[in-house]
Amino acid sequence: SVDVTLNTSITTTVLNSVTYVTDNNAQLIGNNFNTFLKMLTTELTHQNPMSPMDTQEFTSQLVQFSEVEQLMNMSGNIRQSLQAQQFAAGALYVVATPIGNLADLSLRALKVLGSIDAVAAEDTRHTGALLDRLGLRAPLIACHEHNEREAAQQVIARLAAGERVAYVSDAGTPGISDPGARLVDAVRAAGLPAVPIPGASAAISALSVAGFDEPSFHFAGFLSPKQQARADAITLLAPLRATLVFYEAPHRIVDTVRALADGLGGERRLVIARELTKLHEQVHACALGAAVAWLEADANRQRGEFVLVVQGCAQTAPDDAELDRVLAPLGRELPLKQAVTLAVEICGAARNTVYARALALKQAGEAGA
Ligand code: SAM
């Protein structure tokens with residue numbers, strides 16, 4: 001047992017950490033646990049009572065210590081891989097952060113954020129709070145939509161001096177409907193590298209549970225809040241044979257879904273991905289035409305953050321007469337394969353359908369000759 005006579009929050013942290021260490025790996029009761037106890041004793045005897053600053057520092061050390069222990073408990077391969085990570089100096093690390101669930105921060109992101117000299121952040125308060133939760137500290141540089149180019153010069157000066165700098169947006173992957181692209185562009189133009197540290201992104205998370213078997217997707221981000229501009233954008237997207245992915249805010253979700261149903265037709269499949277990775281996560285699949293009624297049936301369904309995934313334009317079965325009209329002249333002038341390739345492009349039809357039709361035409365021609 002450990003005799004702890006400090007304030008309650010420290011006591012709780014200490015006891016939680018002790019419990020954690022003992023619960024999670026019996027081996028820690030050996031060497032590592034002794035080290036842990038020694039550290040505790042030193043901290044407790046030398047700094048009693050602690051100032052609020054010391055308390056914070058001590059708690060942060062404990063958090064870091066339990067993280068180190070956690071890492072030590074990991075299977076050998078992950079541990080070795082993490083230990084082997086090298087983060088070159090003079091580089092910008094573009095780090096994805098969780099979109100709601102802190103545990104989605106990658107181990108590599110954790111390691112890089114603990115190794116860098118400064119963090120450029122879309123919102124320094126937000127990122128400061130994230131670093132606090134991770135028990136990390138680093139100087140913060142504000143770098144948002146309105147000062148990205150100027151902030152880039154500060155970052156470049158640090159990189160040129162051999163520092164490592166991370167860029168973090170408020171949530172998810174920087175540069176995806178978030179600042180970051182201008183900073184990366186300026187850093188590269190200065191002859192310095194930008195290194196991705198991948199992780200969560202709401203668009204990719206939603207796509208992964210959409211269940212649409214389509215080979216490509218088009219990320220459209222946020223549609224314009226202006227009615228006409230939004231309708232025009234939807235008209236341009238309508239013929240794409242790719243899954244469409246949109247971001248939307250709660251106060252516009254109903255209007256946007258209605259506009260999508262108007263512009264794309266109510267039959268297309270839609271997946272509404274709400275509050276992904278969070279407590280109230282919800283993924284609902286329905287026809288586009290049924291979505292407004294579903295959203296309006298319960299006010300809670302309109303709360304939180306949204307990704308909309310809409311089925312792409314279906315390949316229409318080509319009209320035989322139209323196919324023949326295109327294939328006949330092409331077939332006269334070109335080898336079958338080339339004629340088919342061009343007809344696929346012109347008619348926008350599936351290759352095997354066009355091929356079958358071209359073959360039938362060729363055989364009919366040969367039989368007639
Ligand atoms: N860079 C971020 C990414 O990689 O996903 C996106 C940032 S963008 C400013 C914020 C939008 O992403 C939200 O309005 C919402 O449409 C979507 N989003 C972010 N987190 C989400 C979540 N947990 N669930 C659903 N959508 C989310």
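The values are calculated or read from the model by the stated rules, or taken from the named source; none is laboratory data. All values derive from a computational prediction rather than experimental measurement. A quick note on method: Cβ atoms are made from the backbone with ideal geometry, for glycine too, and the neighbour counts reach across all protein chains shown. Remember, those area values only see protein heavy atoms, side chains included, never the ligands or the DNA or RNA. Shrake-Rupley method; radii C 1.70, N 1.55, O 1.52, S 1.80 Å.
The table below gives the values:
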quantity: Solvent-accessible area, 1.4 Å probe, carbon plus sulfur percent, for segment 295-369; calculated: 52 percent
quantity: Among 201-210, 147-156, the order from most to least packed when residues are scored by Cβ within 10 Å on average; calculated: 201-210, 147-156
quantity: Table column - 3J(HN,Hα) (Hz), segment 81-91, Karplus curve with 6.51, -1.76, 1.60, x for Gly and Pro; calculated: 4, 5, 5, 7, 4, 10, 10, 4, 6, x, 10
quantity: Burial order of peptide ranges 285-291, 333-339 (average beta-carbon count within 10 Å, highest first); calculated: 285-291, 333-339
quantity: Segment 251-369 shape via C-alpha gyration tensor axes, a/c threshold 1.5; calculated: prolate
quantity: Shape call, segment 199-249: gyration tensor on alpha carbons, a/c limit 1.5; calculated: oblate
quantity: Contact order normalised by residue count of segment 162-310, Cα under 8 Å, 6+ apart, percent; calculated: 22 percent
quantity: Percent accessible area from carbon and sulfur atoms, segment 81-131, protein chains only, probe 1.4 Å; calculated: 48 percent
quantity: Distance between segment 142-207 and segment 267-295 - C-alpha centres, whole angstrom; calculated: 31 Å
quantity: Proximal charge balance of residue 97 [Cβ under 9 Å; K/R count +1, D/E count -1]; calculated: -2
quantity: Surface per residue (accessible, 1.4 Å probe) for segment 277-353, Å²; calculated: 59 Å²
quantity: Residues of segment 148-192: accessible area per residue with a 1.4 Å probe, Å²; calculated: 45 Å²
